[in-house]
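K.L.:
Attaching a single structure in C-alpha cells format; questions to follow.
The values are calculated or read from the model by the stated rules, or taken from the named source; none is laboratory data. Computed from a prediction, not measured in an experiment: that's the story for all the values here. Here Cβ is always computed from backbone atoms with ideal geometry, including for glycine, and neighbour counts include all displayed protein chains. Just the protein is used for accessible areas: all its heavy atoms, side chains included, with ligands, DNA and RNA removed. Shrake-Rupley method; radii C 1.70, N 1.55, O 1.52, S 1.80 Å.
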Amino acid sequence: MKNTIPITLFLFFTILQLAGQTSDKIAFGPYIQQMSTKDATICWSTLEGEMTITDIAGEKDTIREYKQHKIHLANLEPDTEYVYDVLNDGSEEGKGKLRTYPDKSIPFNFVAIGDTRSRNNVHKRIIEQVGKLNPRFIVNSGDLVANGLSMRDWESFFKINKDFMTNTPYYPVLGNHEKDSPYYYDFFDLPNNERYYYFTVGDALFVVLDSEGLRTTIPAFTSEGMEDTYWEESGIEYLKKQKEWLEQVLELNREAGFVFIFQHTPLYSVKKSRVEESKKVRAFWGDIFSRYGVQVFLNGHDHHYHHAYDKGVHFITSAGAGAPLYDIDAVQPETLNYKKIEHFINVEVEQDEAVLHVFDIEGNEFDTIKVERRTIK
C-alpha cells in the first residue's frame, strides 16, 4: 500500500557563503533530478558573481555566473514521501518534498510537454495547468529555452518552473535550441551519459534519445550545396552508437509493460518543409520501435500537436508549450489527429492500459489515446 506519511529528511552540510551575500542564498531551485525507488538527487544554484560586457557602441550588459550544487540521497524507502531542506536554517527557501518511485506496478501519472522556448507567458500557463495534475514527473521533449547559451534564457526557465520543480522530477531532452550548451549539463543531473538515458517507474520504461548528436556549427567556408551533407554526416557515428545502445536497452527491458520513447525531432512531420527530414530520421531508426513493441514515441520540434500511428506505434508530436506555433500543411497517410494549439499531455498509467489525455492551455481535453499493456514475448 502506498505510504503517504511524510518523513522529514534534513541534509546537514554548509553552503559556502559568497562575499556580500546575506540573503537569497538560492538562485535556482532547489529542484529534483534523478529519482528511483531508493535514491534521488536534489540540485540548486547559487549566485557566484557578475561580469559586465560592453559592445562597440558603449552599451553595457550584466551577465551573472552561478555555481551548481547537488546531493544524492540514498537508502530511501520506495513510494514514500520525504520533506527535504537543503539550507537547514528554518526558512522556506531551501525546502521541498519528494516521493520516491514505487517498486511495483501501481497506477501513476506523468506529463509530457515540448518546446517551452520563447513565449514565457504560455510556458507559465502550461506549467500552472500541469501542476494541478500532481504528476510523478515531467518530460520536456527539447528546446527548453530559445538559446541554450544564453544565461538569461535559463534564468527565465527556472523562474517559471521554481515551485513545480521543487517537488517534481524534471527530465529534459536535448533539442536543437539547447545548442549542446554546457549550462544544460551543469543544471541537470541525468542518468547514464546525460545525453541519452533511460529510467523506469513501476513496470514502465522511459527512454530519452538525443536526436541532435555531436554535430557542430557548419563552418563558414562550407558551400550551400554541402551544408546538408555536412550536417547529416558530422554526427552519424555518434547516432549509430546510440542506436546500438537503444537496442540493448529495449532488449534488457523486454519485460516492461509499457515503453515510452522521447526524442526532439519527429519521425512523422506534417510541416511541409520538414517532411523529408522526418523521412530521413525514420529511415535511420528503421523498424526498431515496432520490432520491440514500443507503444508511444513522443517528440517536439514541430510547434503544434500531431498524432500518427504506424505498425503498432503511436507517434506523437507535442510541441505547444511556449514556442510560436506552426501551420500544418502536409498531413500524412499515418496521421490520425492534428491541431495548431498550445497544449500538454497527461499520461495515466494503469495496470492494463495507459491513457494519454491531451489538454489545451485552458485545461480542456481535445484528444484521448489509449494503449494496452504489452504482451511479453
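K.L.:
In region 40-64, how many are of a type in the set (D, E, K, R) and touching a residue at least 60 places away in the same chain (Cβ under 8 Å)?
P.N.:
1
K.L.:
Search region 252-271 for residues that are touching a residue at least 60 places away in the same chain (Cβ under 8 Å) and assigned to a loop (DSSP other than H, G, I, E, B) and pair each with any residue that is crowded, with 24+ Cβ neighbours inside 10 Å and among the acidic types (D, E) when their beta-carbon atoms are under 8 Å apart and the residues are at least 6 apart or on different chains.
P.N.:
H264/D143; S269/D302; V270/D302
K.L.:
For region 232-256, which residues satisfy the criterion of being aliphatic (A, V, I, L, M) and open to solvent by 100 Å² or more (accessible area, probe 1.4 Å)?
P.N.:
Result: L252, single match.
K.L.:
Continuing with the same structure: Given the residues K124, K67, which is the only one that is modelled with pLDDT under 95, over 17 Å from R136 (Cα atoms) and surrounded by fewer than 18 Cβ atoms within 10 Å (Cβ to Cβ)?
P.N.:
Numbers: K124 fails: modelled with pLDDT under 95.
Matching residue, one of K124, K67: K67.
K.L.:
For region 64-118, enumerate the residues that are acidic (D, E) and either closer than 30 Å to P182 by Cα or in a loop (DSSP other than H, G, I, E, B) (or both).
P.N.:
Those that are acidic (D, E) and either closer than 30 Å to P182 by Cα or in a loop (DSSP other than H, G, I, E, B) (or both): E65, E77, D79, D85, D89, E92, E93, D103, D115.
K.L.:
Moving to a separate point now. Taking the criterion of being part of a strand (DSSP E or B), under 19 Å from L174 (Cα atoms) and touching a Gly at 6+ places or on another chain (Cβ under 9 Å), would at least one residue in region 282-304 satisfy it? So that I can check it myself, show each step before the final result.
P.N.:
Looking only at region 282-304, we keep the residues that are part of a strand (DSSP E or B), and these are 296-299.
So of that shortlist, the ones also under 19 Å from L174 (Cα atoms) come out as 296-299.
With touching a Gly at 6+ places or on another chain (Cβ under 9 Å) added as a condition, the list becomes 298-299.
Yes, there is a match, as at least one residue in region 282-304 is part of a strand (DSSP E or B), under 19 Å from L174 (Cα atoms) and touching a Gly at 6+ places or on another chain (Cβ under 9 Å).
Residue-wise test of (1) of a type in the set (D, E); (2) assigned to a strand (DSSP E or B); (3) under 20 Å from I160 (Cα atoms); (4) touching a Gly at 6+ places or on another chain (Cβ under 9 Å).
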| residue | (1), (2), (3), (4) |
| --- | --- |
| Y309 | no, yes, no, no |
| F315 | no, yes, no, no |
| D327 | yes, no, no, no |
| Q351 | no, no, no, yes |
| F359 | no, yes, yes, no |
| F366 | no, yes, no, no |
| I369 | no, yes, no, no |
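K.L.:
Can you find, within region 145-171, the residue that is surrounded by the most Cβ atoms within 10 Å (Cβ to Cβ) among those that are within 25 Å of K97 (Cα to Cα) and of a type in the set (D, E)?
P.N.:
E155
K.L.:
Does V281 meet the test of being open to solvent by less than 40 Å² (accessible area, probe 1.4 Å) and at pLDDT below 95?
P.N.:
Numbers: open to solvent by less than 40 Å² (accessible area, probe 1.4 Å): yes; at pLDDT below 95: yes.
So V281 fits the description; yes.
K.L.:
While we're looking at this one, here's another question. Among (1) within 30 Å of D228 (Cα to Cα); (2) among the hydrophobic types (A, V, I, L, M, F, W, C); (3) in contact with a Lys or Arg (Cβ under 8 Å, 6 or more places away or on another chain); (4) surrounded by 16 or more Cβ atoms within 10 Å (Cβ to Cβ), there is one condition A330 misses while meeting the rest; what is its number?
P.N.:
With (1) within 30 Å of D228 (Cα to Cα); (2) among the hydrophobic types (A, V, I, L, M, F, W, C); (3) in contact with a Lys or Arg (Cβ under 8 Å, 6 or more places away or on another chain); (4) surrounded by 16 or more Cβ atoms within 10 Å (Cβ to Cβ) applied to A330, the lone miss is (4).
K.L.:
Moving to a separate point now. Is one or more of the residues making up region 302-314 more than 20 Å from I127 (Cβ to Cβ), crowded, with 23+ Cβ neighbours inside 10 Å, among the aromatic types (F, W, Y) and within 21 Å of the chain's Cα centre (by Cα)?
P.N.:
no
K.L.:
Quick one: in region 203-225, which of the residues that are in a loop (DSSP other than H, G, I, E, B) and at pLDDT 95 or above is nearest to Y292 (Cα to Cα)?
P.N.:
So the residue we want is L209.
K.L.:
Taking D228 and the conditions (1) assigned to a loop (DSSP other than H, G, I, E, B); (2) exposed (fewer than 15 other Cβ atoms within 10 Å of the Cβ), which numbered condition does it fall short on, given that it satisfies the others?
P.N.:
All conditions pass for D228, except number (1).
K.L.:
If you check every pair at least six apart or on different chains, which have Cβ atoms under 8 Å apart with a residue in region 101-113 that is open to solvent by 10 Å² or more (accessible area, probe 1.4 Å) first and a residue that is hydrophobic (A, V, I, L, M, F, W, C) and part of a strand (DSSP E or B) second?
P.N.:
P107/V349; F108/V201; F108/V349; N109/V347; N109/V349
K.L.:
When T375 is evaluated against the numbered criteria (1) of a type in the set (S, T, N, Q); (2) farther than 25 Å from T229 by Cα; (3) in contact with an Asp or Glu (Cβ under 8 Å, 6 or more places away or on another chain), which criterion, by number, is the only one it fails?
P.N.:
All conditions pass for T375, except number (3).
K.L.:
Taking the condition open to solvent by 40 Å² or more (accessible area, probe 1.4 Å) and over 20 Å from S211 (Cα atoms), does N337 pass? Spell out how you get there, then give the answer.
P.N.:
Details: open to solvent by 40 Å² or more (accessible area, probe 1.4 Å): yes; over 20 Å from S211 (Cα atoms): yes.
For N337, the condition - open to solvent by 40 Å² or more (accessible area, probe 1.4 Å) and over 20 Å from S211 (Cα atoms) - is met.
K.L.:
If you go through region 172-187 one residue at a time, do you hit one that is on the phi > 0 side of the Ramachandran plot, open to solvent by 10 Å² or more (accessible area, probe 1.4 Å) and touching a residue at least 40 places away in the same chain (Cβ under 8 Å)?
P.N.:
No, the conditions are met nowhere in region 172-187.
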